[in-house]
Amino acid sequence: MHYTKFKLNEFVIKSQRILNVTQQNSHVKEAVDRYGYAEERIAEGRRLYNALSETMDRQQRIVGSKVACMADKADRHEQVARLYMKYLKIARIVFEADEEAQVALVLKGPRERVYEKWFYQVSAFCNNLIATPDFVNQMHVFGLEMKDIAGLKEDLNQLQLLSDKGMRMIAEVRKVVKERKQKTIAWQQWLSDYIKIVRIAVQDSDQVSQGWIRQLLSKGE
């Protein structure tokens with residue numbers, strides 16, 4: 001098989017078929033057995049294939065969980081950002097002439113676009129409001145209370161938990177991808193040797209169609 005012609009999932013399906021079909025054909029099975037591919041060696045190949053297949057399934061599950069986590073983070077980020085901007089606009093009105101509050105609550109300038117820097121801005125806003133009840137009291141005229149700021153802070157904490165979880169899952173994906181690549185190489189190496197032996201073992205056989213074996217081994221069909 002020319003592995004580069006197939007996507008990984010397609011290769012895995014076709015490569016399993018090569019092993020199964022050749023082993024189900026009694027003439028091929030007997031032929032390769034004489035060249036060292038007895039039951040124990042075939043079992044080794046199946047173990048390599050099963051290990052690869054299991055890792056691919058695990059990768060799919062982890063990637064799915066990562067995508068769901070990132071979607072949850074994006075939704076929470078949007079909710080927090082919307083509420084934060086509402087409170088920020090009120091604070092800018094209340095503390096228009098209060099330089100101390102402007103610095104403490106990071107009221108001036110644009111909002112950061114990079115998550116870590118944006119998170120710092122929102123954290124400073126919440127933490128310094130909570131630490132300075134007088135600031136919150138001054139914002140009360142526009143309907144804001146300490147519980148509102150505390151709620152924003154809690155939402156921000158939950159957002160960060162999702163962000164941390166997402167980073168862990170990215171690391172898990174990288175780990176399982178590396179593992180899958182290693183197991184793919186191991187299975188490809190075993191299968192490549194097996195295919196070469198099948199060709200050698202049946203090349204002079206009257207019981208095995210050479211056209212069929214060429215098609216099977218080259219395309220996995």
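The values are calculated or read from the model by the stated rules, or taken from the named source; none is laboratory data. It should be emphasised that the depicted structure is a prediction, and the values quoted were computed from it without experimental measurement. Cβ: placed from backbone, ideal geometry, glycine included. Neighbour counts: every protein chain shown. Note: areas computed on protein heavy atoms with side chains; ligands, DNA, RNA excluded. Shrake-Rupley method; radii C 1.70, N 1.55, O 1.52, S 1.80 Å.
Here the condition is being under 25 Å from residue 183 (Cβ atoms), in contact with a helix residue (DSSP H, G or I) (Cβ under 6 Å, 6 or more places away or on another chain) and hydrophobic (A, V, I, L, M, F, W, C); of 48, 83, it holds for 48 alone.
Sort out which residues of the range 12-35 are of a type outside the set (A, V, I, L, M, F, W, C) and open to solvent by less than 50 Å² (accessible area, probe 1.4 Å), and write them in order of number. Residues satisfying the conditions are 14, 15, 20, 22, 23, 25.
Checking the range 1-9 against the condition returns no match, with no residue being modelled with pLDDT of 85 or more and open to solvent by 50 Å² or more (accessible area, probe 1.4 Å).
Report, by residue number, each residue of the range 36-74 that is small (Gly, Ala, Ser) and either surrounded by 15 or more Cβ atoms within 10 Å (Cβ to Cβ) or in contact (Cβ under 8 Å) with a residue 24 or more places away in the chain (or both). Selection gives 36, 45, 51, 53, 65.
Quickly run through the range 130-185 and pick out the residues that are more than 30 Å from residue 51 (Cβ to Cβ), aliphatic (A, V, I, L, M), assigned to a helix (DSSP H, G or I) and open to solvent by less than 60 Å² (accessible area, probe 1.4 Å). Once the filter is applied, which keeps residues that are more than 30 Å from residue 51 (Cβ to Cβ), aliphatic (A, V, I, L, M), assigned to a helix (DSSP H, G or I) and open to solvent by less than 60 Å² (accessible area, probe 1.4 Å), the range 130-185 yields 136, 139, 149, 150, 152, 156, 159, 162. Residue 85 meets each of the listed conditions (1) part of a helix (DSSP H, G or I); (2) open to solvent by less than 50 Å² (accessible area, probe 1.4 Å) apart from (2). Among the residues of the range 100-129, the ones that are β-branched (Val, Ile, Thr) and open to solvent by 40 Å² or more (accessible area, probe 1.4 Å) come to 2 in all.
Out of curiosity, is residue 218 among the hydroxyl-bearing types (Ser, Thr, Tyr), part of a helix (DSSP H, G or I) and surrounded by 12 or more Cβ atoms within 10 Å (Cβ to Cβ)? Considered against the rule, which asks whether it is among the hydroxyl-bearing types (Ser, Thr, Tyr), part of a helix (DSSP H, G or I) and surrounded by 12 or more Cβ atoms within 10 Å (Cβ to Cβ), residue 218 comes out as yes.
Please specify each residue of the range 105-119 satisfying the condition of being part of a loop (DSSP other than H, G, I, E, B), within 25 Å of the chain's Cα centre (by Cα) and of a type in the set (Lys, Arg).
Of the residues in the range 105-119, the ones part of a loop (DSSP other than H, G, I, E, B) are 105-114.
In the following step, the residues that additionally are within 25 Å of the chain's Cα centre (by Cα) were identified as 113-114.
Across the range 105-119, the qualifying residue is only 113.
Are any of the residues in the range 203-210 farther than 28 Å from residue 39 by Cβ and in a helix (DSSP H, G or I)? Taking every residue of the range 203-210 in turn, none turns out to be farther than 28 Å from residue 39 by Cβ and in a helix (DSSP H, G or I).
All of (1) out of contact with any Ser or Thr (no Cβ under 7 Å at 6 or more places or on another chain); (2) within 30 Å of residue 171 (Cα to Cα); (3) of a type in the set (A, V, I, L, M, F, W, C) hold for residue 12 with one exception: (1).
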